[in-house]
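All remarks here apply to the structure that follows.
Each reported figure results from applying straightforward, stated rules to the coordinates on display, with no laboratory input. For clarity, every value in this text was computed on a predicted model and none was experimentally measured. Please note: Cβ atoms are built from the backbone with ideal geometry, for glycine as well, and neighbour counts cover all protein chains shown.
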Amino acid sequence: MIDYIKFLKEKLKGYSFGLIVRLELESLFFLMSSLFPTTAGVILRAILVKLFFKKSKGFAWIQPKVIVVHSERLIVGTNFVVNSGTYINAVGSIEIGSYVIIGNNVTVSSGKHPIEGQMPPIVSRQTIPQKIIIEDDVWIGAGAVIMPGIKIAKGTVVGANSIVTKDTNEYDIVVGCPAKFMRKR
Ligand SMILES: CC(C)(COP(=O)(O)OP(=O)(O)OC[C@H]1O[C@@H](n2cnc3c(N)ncnc32)[C@H](O)[C@@H]1OP(=O)(O)O)[C@@H](O)C(=O)NCCC(=O)NCCS
């Protein structure tokens, strides 16, 4: 038990009480909004985006069962579309432009676990924040993973199930694991 309390303390280091409450409310409201899967839910989630995100232009179209963490560090532009099952963690901050569509089951996570050395165990280490930027007019296919610190340039298409480990150039289509340039749009 004492060990677990020590572990919790380490995990929550730097988190104010206010931030913990905010994170709880954010996950609770987004989860609850999944009870309304269609139009009513889309409108409800568009309101949640306005309430919780750091900044948002216009209105978003978010399908049910999208998980958003640290939305206080998340900026989105207009006409932002996200499909079900996607996980967006803005621990290291994320900036998303306008006219961006993120497919289902995509991971966009802006924190990295330090892996060098054998002690302490990775789970006990502090996450390293690494900002992700997704510019305007980007389409990210189903199941893709956008690694921490990556910039997805304007007009990029990321193929289904691709893992993006390097920045892209404008209007590139990238596919595969790791994602490689396929052709220009
Ligand atoms: C990336 C994408 C847009 C490319 O479409 P396209 O230009 O019509 O590509 P093609 O089907 O002609 O494929 C071209 C080549 O790339 C390969 N390729 C296409 N998509 C790929 C992917 N996601 N991963 C790996 N290779 C892929 C094809 O196998 C083909 O290879 P070959 O030339 O050796 O035969 C499309 O394949 C894709 O992944 N779309 C995402 C769909 C999706 O996720 N929808 C739901 C979410 S909204």
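Using the Cβ-Cβ distance between Leu31 and Val81 with R0 = 22 Å, the FRET efficiency computed as 1/(1 + (r/R0)^6) comes to roughly 0.65. Would you kindly derive the ³J(HN,Hα) couplings of the stretch 73-88 from the backbone phi angles with the Karplus curve 6.51 cos²θ - 1.76 cosθ + 1.60 (θ = phi - 60°), listing them in order in whole Hz, with x for Gly and Pro? Using θ = phi - 60°, the values come out as 10, 10, 10, 10, x, 7, 6, 8, 10, 9, 8, 4, x, 7, 10, 10 Hz.
Within the stretch 8-45, the trypsin sites (Lys or Arg not before Pro) that combine a DSSP coil assignment with at most 16 other C-beta atoms in a 10 angstrom radius are Lys13. According to the calculation over all Cα-Cα pairs in the stretch 2-184, the P(r) per 10 Å bin from zero is 10, 35, 33, 18, 4, 0 %. Taking all Cα pairs closer than 8 Å and separated by 6 or more residues, the relative contact order of the stretch 2-184 comes to 12 percent.
As a rough footprinting exposure proxy, the listed residues Asp137, Asp167 were ranked by other beta carbons within 10 Å of their own, and the order from fewest upward is Asp167, Asp137. Could you give the DSSP H helices of the chain that reach 15 angstrom or more along their long axis (alpha carbon positions) and whose average Kyte-Doolittle hydropathy is no lower than 1.6? Helices passing the filter in the chain: 39-52. Look at Trp61, Trp139 and count the other Cβ atoms within 10 Å of each Cβ; fewest to most, that gives Trp61, Trp139. The alpha-carbon of Lys180 sits under 20 angstrom from the alpha-carbons of these lysines, leaving out residues fewer than 8 places away in its chain: Lys151, Lys154, Lys166. Each of Tyr4, Tyr15, Tyr171 was scored by other Cβ atoms within 10 Å of its Cβ. Listed from fewest to most, they are Tyr4, Tyr15, Tyr171. The lysines within cross-link reach of Lys55, meaning a Cα-to-Cα straight distance under 17 Å and a gap of 8 or more places when in the same chain, are Lys131.
Setting aside same-chain residues fewer than 8 positions from Lys65, which aspartates and glutamates have a Cα under 19 Å from its Cα? Within the straight-line cut-off, Lys65 pairs with Glu24, Glu26. Counting only DSSP H runs of at least 4 residues, each contributing -39500 (n - 2.57), and dividing by the residue count of the chain, the helix-based mean residue ellipticity at 222 nm comes to -7000 deg cm²/dmol.
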